[in-house]
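A.B. asks: Can you read through this structure? Questions will come right after.
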Amino acid sequence: MSRDDDHTATDLSHLRGGETARNHDARTIAALTANPGCARRGVMDAAAVDKDAVARHLGFGAPFGQSQFAITRGNAFEAQVKADGCAELLALLRDRLGLEIPEVAYDDLESVGTESREVRHTRTRHLMARALESGAGTMFDHPLLRLDIAGQRAYLEPDVIAFQLGGRFHVVEVKSFAVVDGQAEPEQVAAAARQSAVYVLALRELVAGLGHDPERVSHEVFLVCPENFSNRPTATPVDVRPQLAVVRRQLARLTRAEDIARDMPDGLTFALDEGLSDTVRAVEARYAPECMSSCEMALFCRDEARACGATGTLGRSVRDELGGVDSVVTALDLARGVREPSEDMAETAEQLRVAARLRREALASAPAPAPPVQEALPAPAGVPARGAGVLERTA
């Protein structure tokens, strides 16, 4: 590590307020790429700040994560699939997918016997190098990978297995959501594909670092899930090239940690103390409703955005259409023509005035609303007639 890296690491440690750095996993990496323009998330993720702890300290804790029941069920299903050296998984890949997988060498990288992530990663590199050179069949359980996130090293501890077939490595992702009649919940499949793309990217970087073609890692991953609400597993190939392109592109757009540390005000820290709210508000956020499903700070940022009337509360597409107009009040004033736009907002202001005029014309030409309809219904048997023998009900 260079002196600049040492300096950056010190700055980031200060930003964390002395707290232990939170290691990224595939889920958080896939989520942080969803909003690369948010400076607040960029700072906190680059500094490995525990956003969940920060949000709870501020009184905006979000109920992220699976239920304990889902976690227990997922762990039990994974243990079943991986039992006896992944015997059931190998049988599944051979029989259900028609893959001619030869005898493989199974290695459980959780059993290295050390807590050091660097030692486990070195062991992973050693086994991968051996497999790349020999071409032998492989099955790696819990390989430890690394990925550069905003200039900082993140370790990934996937509960996945990589096996080599025809000279290419494939990632297997084990999930506990059910595949019913060949169909699974689209949102869950999409999330699994994004996480798998992160693993593929990290594995490709490892292979490239060993001097081999990164395409030796296939873009096709295998999703293993329970079938029809039973514990019987089924495997489905998933092409993650679209997700891989998005993850790679958006990770490249994230501001490097060195730049973030350099631009932060002196003395700023995300320590869990009375000054935390001021510190968080000092870093600009880019809130959108989509943040609610991917960021622990979403409730705090939503409350802040609503209080200042930010256009982001109306959705990312609306905010992008409005260009540099970041306030709903400003947008309405421009539409009414009561505010003189700056030079960079002139085109947006003209579009808003046209939209406001069209809305006024549409409302003026709209027919008057019809009066409430009185619907006559026969009186039910045994109920005294009302008036002329009918019940009146306002539609």
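The values are calculated or read from the model by the stated rules, or taken from the named source; none is laboratory data. All figures in this text were calculated on a predicted structure; none of them were measured in a lab. Quick reminder, even Gly has a Cβ in these numbers, built from the backbone with ideal geometry, and neighbours come from all protein chains shown. Accessible surface is based on the protein model in full, side chains and every heavy atom, while ligands, DNA and RNA are left aside. Shrake-Rupley method; radii C 1.70, N 1.55, O 1.52, S 1.80 Å.
A.B. asks: Provide the FRET efficiency to the nearest 0.05 for the Asp95-Val318 pair, computing r from the beta carbons and using R0 = 56 Å.
C.D. replies: With a Förster radius of 56 Å, E is 0.65.
A.B. asks: Let me ask something else about it. Keeping all protein chains in place, calculate the accessible area per residue for the range 68-252 (probe 1.4 angstrom), answer in Å².
C.D. replies: Accessible area per residue, the range 68-252: 46 Å².
A.B. asks: Among Ser134, Ser365, Ser176, which one moves the most in a GNM of the chain with springs linking Cα atoms closer than 10 Å?
C.D. replies: Ser365
A.B. asks: Let me ask something additional. Just the number, please: carbon plus sulfur as a percent of the accessible area of the chain, 1.4 Å probe, no ligands or DNA/RNA counted.
C.D. replies: 51 percent
A.B. asks: What percentage of all Cα-Cα pairs in the chain are separated by more than 33 Å?
C.D. replies: In whole percent, the share of Cα-Cα pairs in the chain beyond 33 Å is 49.
A.B. asks: Moving on to the next point. Just to be sure I understand the model, the point goes 7 Å from the Cα along the line to the Cβ. What's the resulting Ala364 to Leu272 distance in nm?
C.D. replies: Result: 6.0 nm between the two label points.
A.B. asks: Rounded to the nearest 500, what is the chain's calculated 222 nm mean residue ellipticity when only DSSP H runs of at least 4 contribute -39500 (n - 2.57) each, over all residues?
C.D. replies: Result for the chain, helices only: -14000 deg cm²/dmol.
A.B. asks: So if R0 is 30 Å, what FRET efficiency would Glu343 and Glu284 give, r being the distance between their Cβ atoms, rounded to the nearest 0.05?
C.D. replies: With R0 = 30 Å, the Cβ-Cβ based efficiency is 0.85.
A.B. asks: Classify the range 149-225 from the C-alpha gyration tensor, please: rounded if a/c falls under 1.5, else prolate or oblate depending on whether a/b exceeds b/c.
C.D. replies: Note, shape of the range 149-225 comes out oblate.
A.B. asks: Which distance in nm do the two modelled labels at Phe69 and Ala208 give, with both placed 7 Å along the Cα-to-Cβ direction?
C.D. replies: 4.4 nm
A.B. asks: Can you tell me the relative contact order of the range 309-362? Whole percent, Cα pairs under 8 Å, sequence separation 6 or more.
C.D. replies: 28 percent
A.B. asks: Which distance in nm do the two modelled labels at Asp181 and Glu215 give, with both placed 7 Å along the Cα-to-Cβ direction?
C.D. replies: Taking the two extended label points, one gets 4.0 nm.
A.B. asks: Kirkwood hydrodynamic radius, the range 200-337, all distinct C-alpha pairs: what's the number in Å?
C.D. replies: Its Kirkwood hydrodynamic radius stands at 19.6 Å.
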